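> Structure in structure tokens, see below.
The values are calculated or read from the model by the stated rules, or taken from the named source; none is laboratory data. Keep in mind it's a predicted model, so treat the numbers as computed, not measured. Cβ: placed from backbone, ideal geometry, glycine included. Neighbour counts: every protein chain shown. Just the protein is used for accessible areas: all its heavy atoms, side chains included, with ligands, DNA and RNA removed. Shrake-Rupley method; radii C 1.70, N 1.55, O 1.52, S 1.80 Å.
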Amino acid sequence: MSTTNHWHPNALHPSAPPPPSPSPPPSSDPQQNQPQQQQQSNVSQDTPPAPFAFDQKSNSTARSVHVEVYLDRTLHVASGWVEGVITVDVGKEKKVKIGKVEVEVVGFEETLRAKNKTHPIPRRTLLHHTLTIQSHHFAPTDLVHPGPPDEHGMWNARKGKVSLPFKLPIGALSGKGENEMPEGAENVMVKVGAVMPLPGSFWSKKYGGVRYIVAGTVHTKFGRFPHPPIRAYRDLRVVESTPYALLPRFASRIPPTAPFIAEAAGSIPGPYWFGLGKQGRVGVKANVRVPEVDETRWMGQNPNVDGAWIAGGVGFVGVDIRNDSKRRVDSLTLTLVRRLKTFSLDSPATGGIGATSAPSPTLLPISFARVPIATRTFRAGRGPLKSGRWISDSKVAGDGWAEEDGGALAKGVGDGGDGVHARKGKEWWNGVGPGEERSVLVDMHVPVHARSIRFGMLLDVSYVVQVSVHTKGSKNIELEIPVTVLHPASLYTNLPPVHLGI
């Protein structure tokens, strides 16, 4: 199995050229199969928003005031809402004042450079929404004693712990009318409009990723002078929102130009020592089977979308092998490979990597990594499996396919830096003899942690199924087929409510 870090295009996403040439966004519209674009192209004609920056000097505690942020869910879907409470605990109220209280949700993508620390980290803001809970423009909350605010817009604090609920949208704000806001978002201020559709959250300590942060901020005053804001942060786990549904059935026929089909062939040496004898040829054609898409949710319009595999579920791969050689095809290996690409923004106007103030920045590839996360290998059995003596043996499960314990870690496949492992078990099949042609449909378990990260600019996570067949005395014949992997919650139109009415 090939795991070398070569730059491969993804047929399900707009192509990215090999480094060092700048490239267009790797996944701005993953539903279209576009040919490879020019090697240098502008990312956008619009000026990108300024990168979000953390206030590294802030803390969640200052003197007698402590701030915490609690979320009502452990999983969120892009285009949904994040709900929770911001808790402010005041230990001593003497000479303590509290002013503005706000909660922000920020989404951004960033890529890390281990070898070059002189340039700033490339970061691109995906959304930035702010909800003001208390200020001098509104009536004071239970955090403070009622009355007029002072010259800094603050009130005398109350001793004790107070929890203030909040609700912020993860996605674009749009109501029924042109100037209307959706219910619950009347006091939300949009600092950076959401990039739609939004990518799901993903993080690698080595390469970076996509993060969504909820920040609660409380402005305080101890004595006569205002104190730096007190802030508490919480990470959000967000999965992409998919506007289509998958049906519990598969198509019986697909066009030959579909991106889920690939084929390859290779020459096979002769059957004698040192490959003497007439050479042959082995051809392999494989296709990834994905469930059909329910287009009725699009009111009869063609959504122009491809299917996907669901994380934690099962995926199917059809393999056709034609053996026009004198040797036996003795093994078949299927591997699900994660491909991670990272980019940085380069500004022609300033020549600085990571700059976002130029009107026409371009993308520069930083890294490309491949990690196998699931694999199945089938080897041709040698025993007379059809005899009653072998069938009755508990070590032989049956004629054809038989599984053994797959708990051992595959040799040469280790931790990819984020706990991703590929497992290898001993599985047997009949192989493909000389002059034979076989077709088989193989099921693969899709790891629950696997999911494609699309719609980003600086980071793209995609998956391919690598099919490899082996004939003794020759090199492996390999091909790869791209496939999109979605989180199961991405298909829900809405998540369950936090509080259930009984």
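> Filter the stretch 319-359 down to residues that are assigned to a strand (DSSP E or B) and modelled with pLDDT of 65 or more, then give me how many there are.
Residues meeting the conditions: 24.
> Quick check, is LYS100 modelled with pLDDT under 95, touching a Gly at 6+ places or on another chain (Cβ under 7 Å), open to solvent by 10 Å² or more (accessible area, probe 1.4 Å) and closer than 16 Å to PHE166 by Cβ?
Criteria met by LYS100.
> Being among the polar types (S, T, N, Q), open to solvent by 20 Å² or more (accessible area, probe 1.4 Å) and in a loop (DSSP other than H, G, I, E, B), is that true of even one residue in the stretch 149-172?
Looking through the stretch 149-172, none of the residues is among the polar types (S, T, N, Q), open to solvent by 20 Å² or more (accessible area, probe 1.4 Å) and in a loop (DSSP other than H, G, I, E, B).
> Being acidic (Asp, Glu), free of Cβ contacts under 8 Å to residues at least 40 places away in the same chain and surrounded by fewer than 22 Cβ atoms within 10 Å (Cβ to Cβ) is the requirement here; does ASP142 meet it?
yes
> Report the residue count in the stretch 428-454 for those that are surrounded by fewer than 16 Cβ atoms within 10 Å (Cβ to Cβ) and under 32 Å from the mean Cα position of the chain (by Cα).
5
> Anything in the stretch 477-500 that is outside any strand (DSSP E or B), open to solvent by 50 Å² or more (accessible area, probe 1.4 Å) and in contact (Cβ under 8 Å) with a residue 40 or more places away in the chain? List them, or say none.
TYR492, ASN494, VAL498
> Moving to a separate point now. Regarding GLU83, is this residue in a loop (DSSP other than H, G, I, E, B), touching a Lys or Arg at 6+ places or on another chain (Cβ under 8 Å) and not β-branched (Val, Ile, Thr)?
So GLU83 does not fit the description; no.
> With VAL464, VAL469, VAL440 as the choices, which residue is closer than 30 Å to ARG124 by Cα, touching a residue at least 24 places away in the same chain (Cβ under 8 Å) and either not in a strand (DSSP E or B) or not aromatic (Phe, Trp, Tyr) (or both)?
VAL464
> Could you tell me which residue of the stretch 186-235 is modelled with the lowest pLDDT, considering only residues that are assigned to a loop (DSSP other than H, G, I, E, B) and within 30 Å of GLY99 (Cβ to Cβ)?
Among them, the one singled out is GLU186.
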